[in-house]
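Written below as structure tokens is the structure these notes are about.
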Amino acid sequence: MTTKRRCLLALHAHPDDESSKGPGTMARYAKQGVRVALVCATGGEEGDILNPRMDRPGIKERMTELRRAELETACDILGVEHIYHLGYRDSGMPGAESNKRPDAFCKADPDEVVERLVGIIRAERPEVVLAYDESKGYPHPDHVRVHELGTRAWREAGDAGKWPDSGAPWQPAKLYYFAAFTRQRTEKLHAAAQEEGIESPYREWLERWDENGFEDPEITSKIDVGEFIELRSKALLAHATQIDPESSWFAIPDDLHRRVYPWEDFTLVESTVDVELPEDDLFASIPD
């Protein structure tokens, strides 16, 4: 009898989200032999060209094609084995005219999206699913949709009465939300930068934390990704239209990140298995 490989499925809104939310975790589990798969809901069409080196004629017109290629390169770096492109259009920021487009992700039929996600979950049979929280402080319509519909798909994938044409029921053991930007992490990196004489990119974030409506999630699970921080940076840089190598993303060197905060944080929100918190392994307590 062939033993099923463990599987981790990450749900994301746009190309580049995978390289800023949980990239080291995906790389870590991929190295351990876990199958890592990823869903990208949109093509990122509304993304601005944020790298001056890429602000050239013809780039904006090819944004969907380029961002898809960037995502594939980043996922190769991180060890992702398969990308599911849902193909919805980037909704743009809250209140943008692009929110009104009929092909925007925020306008998609929720049942249609959930049925497609359930089909992916049933095909991949992941033990662990990663998704977004309520996005307080960053209420991008596409992120909110991934949160709402990804959570619903996790719950309905194991229900034999739901979506009978989408494969045999499969109930993942755990659902986590990314806790990528927490005050705890931000304060530690800010202090470390100051101690090293580096101009901190986090000063303004911290000064406007409450004003922006950020709320710290509960951190239940800390994954040590110190070994994969360079890969994380390389994956982010693969998004050449979106990421300026001279930007604040890279103000703090990788080795300082590793010394000060070598973890990626998650919130366990649903589990079918008994767990002991806090965790240092997303697959903890899941039987082989």
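The values are calculated or read from the model by the stated rules, or taken from the named source; none is laboratory data. As the structure is a prediction and not an experimental result, all values here were calculated from the model. Methodologically, a virtual Cβ is constructed for each residue, glycine included, from the backbone with ideal geometry; neighbour enumeration extends over all protein chains shown. These accessible areas exclude ligands, DNA and RNA; they are computed on the full protein's heavy atoms, side chains included. Shrake-Rupley method; radii C 1.70, N 1.55, O 1.52, S 1.80 Å.
Using DSSP to define loop residues, name the GluC sites (Glu not before Pro) in region 145-226 whose beta-carbon has at most 10 other beta-carbon atoms within 10 Å.
Those that pass, being in a loop and sparsely packed, are GLU199, GLU211.
Report, please, the projected area of region 1-132 averaged over directions, based on the convex hull of its C-alpha atoms, in nm².
Directional mean of the projected Cα hull area for region 1-132 stands at 9.2 nm².
For region 168-229, how big is Rg over Rh, using alpha carbon atoms and the Kirkwood form of Rh?
With Rh from the inverse mean 1/r over Cα pairs, Rg/Rh is 1.12.
Please give the contour-minus-distance gain from ALA69 to GLU276: 0.36 nm per residue of separation, less the Cα-Cα distance, rounded to one decimal in nm.
70.5 nm
Would you calculate a helix-derived [θ] at 222 nm for the chain, using -39,500 (n - 2.57) for each DSSP H run of n ≥ 4 and dividing by the full residue count, to the nearest 500?
-9500 deg cm²/dmol
How large is log10 I(q)/I(0) at q = 0.14, 0.16, 0.19, 0.23 Å⁻¹ when the Debye formula is applied to the Cα atoms of region 26-89, each weighted equally and without solvent?
-0.49, -0.61, -0.77, -0.95
Under the 0.36 nm per residue contour assumption, what length would be gained going from the current alpha-carbon distance of ASP210 and SER285 to full extension?
23.4 nm
Among 63-70, 75-82, how do they line up from the highest to the lowest mean number of other beta-carbon atoms within 10 Å?
For the peptides 63-70, 75-82, the packing ranking is 75-82, 63-70.
So how exposed is ARG259, as accessible area in Å² (1.4 Å probe, rounded to 10)?
Rounded to the nearest 10, that gives 150 Å².
Under the Kirkwood approximation applied to all pairs of distinct alpha-carbon atoms, what is the hydrodynamic radius of the chain in Å?
Result for the chain, one decimal place: 19.6 Å.
Put a dot 7 Å past each Cα toward the Cβ at ARG62 and GLU195; how far apart are the dots in nm?
With each label placed 7 Å out from Cα toward Cβ, I get 4.5 nm.
How much accessible area per residue does region 53-127 have, counting only protein heavy atoms and a probe of 1.4 Å, in square angstrom?
Result: 52 Å² per residue.
If you roll a 1.4 angstrom probe over the protein chains with everything in place, what fraction of the accessible area of the chain belongs to carbon and sulfur, to the nearest %? Write out the running numbers ahead of the final one.
On the way: 6500 of 13590 Å².
The computed percentage sits at 48.
By how many nm would the segment from ARG258 to ASP55 grow when fully extended, if each residue of separation counts as 0.36 nm and the alpha-carbon distance is taken off?
69.9 nm
How many times 2.2 N^0.38 Å is the alpha carbon radius of gyration of region 166-288?
Compared with the compact-globule rule of thumb, region 166-288 sits at 1.25.
Measuring from the lowest to the highest alpha carbon on each principal axis, how far does region 247-288 reach, largest first, in angstroms?
Cα extents, longest axis first: 41, 18, 17 Å.
Stokes-Einstein diffusion coefficient for region 104-172 at 10 °C in a medium of 1.306 mPa s, Rh from the Kirkwood formula over Cα pairs: what value in µm²/s?
On the way: Rh = 12.3 Å.
This corresponds to a translational diffusion coefficient of 129 µm²/s.
Helix hunt in the chain: which complete DSSP H runs extend at least 24 Å axially by C-alpha with mean Kyte-Doolittle at least 0.5?
none
For region 123-237, what is the Kirkwood hydrodynamic radius in Å, using each pair of distinct C-alpha atoms?
Answer for region 123-237: a Kirkwood hydrodynamic radius of 17.0 Å.
Convert each backbone phi in region 128-133 into a coupling constant with the Karplus relation 6.51 cos²θ - 1.76 cosθ + 1.60 (shift: θ = phi - 60°), then list the ³J(HN,Hα) values in order as whole Hz, x for Gly and Pro.
3J(HN,Hα) across region 128-133, in whole Hz: 10, 10, 10, 9, 9, 8.
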